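Contents: one structure, followed by commentary.
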Amino acid sequence: MMVDETFDDDFLQDLSARLDGVIQWAAENAPVRRSTLSVDEFAEVREQFLRIASHLENPLEAEPEPEDGGAQYVNVSPAPWP
């Protein structure tokens, strides 16, 4: 199966635009008690989100191994809905 790089690029561009929209919405509609929320505060989250979405980083591979100080067990099962 051949990977369509155009599709990947289109997907990432669309995802990036949608993510920017959500971030902009969050900054504009922050509760009064958090009125200083800015788009810049989402820079790291946005970068990490796009990196994971583009398969450049697997979040499970980012965890250090137990011998490197990482957790002995990492639960990857979602919690049941209450």
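The values are calculated or read from the model by the stated rules, or taken from the named source; none is laboratory data. Given the structure is predicted, the values throughout are model-derived calculations rather than measurements. Note that each Cβ is placed from the backbone with ideal geometry, even for glycine, and that neighbours are counted across all protein chains shown.
Quick test for you: out of D20, D9, D4, pick the one residue that is at pLDDT 90 or above and not basic (K, R).
Matching residue, one of D20, D9, D4: D20.
In region 7-50, which residues are in contact with a helix residue (DSSP H, G or I) (Cβ under 7 Å, 6 or more places away or on another chain), surrounded by 13 or more Cβ atoms within 10 Å (Cβ to Cβ) and either part of a loop (DSSP other than H, G, I, E, B) or free of Cβ contacts under 8 Å to residues at least 24 places away in the same chain (or both)?
Selection gives I23, A27, L37, V39, F42.
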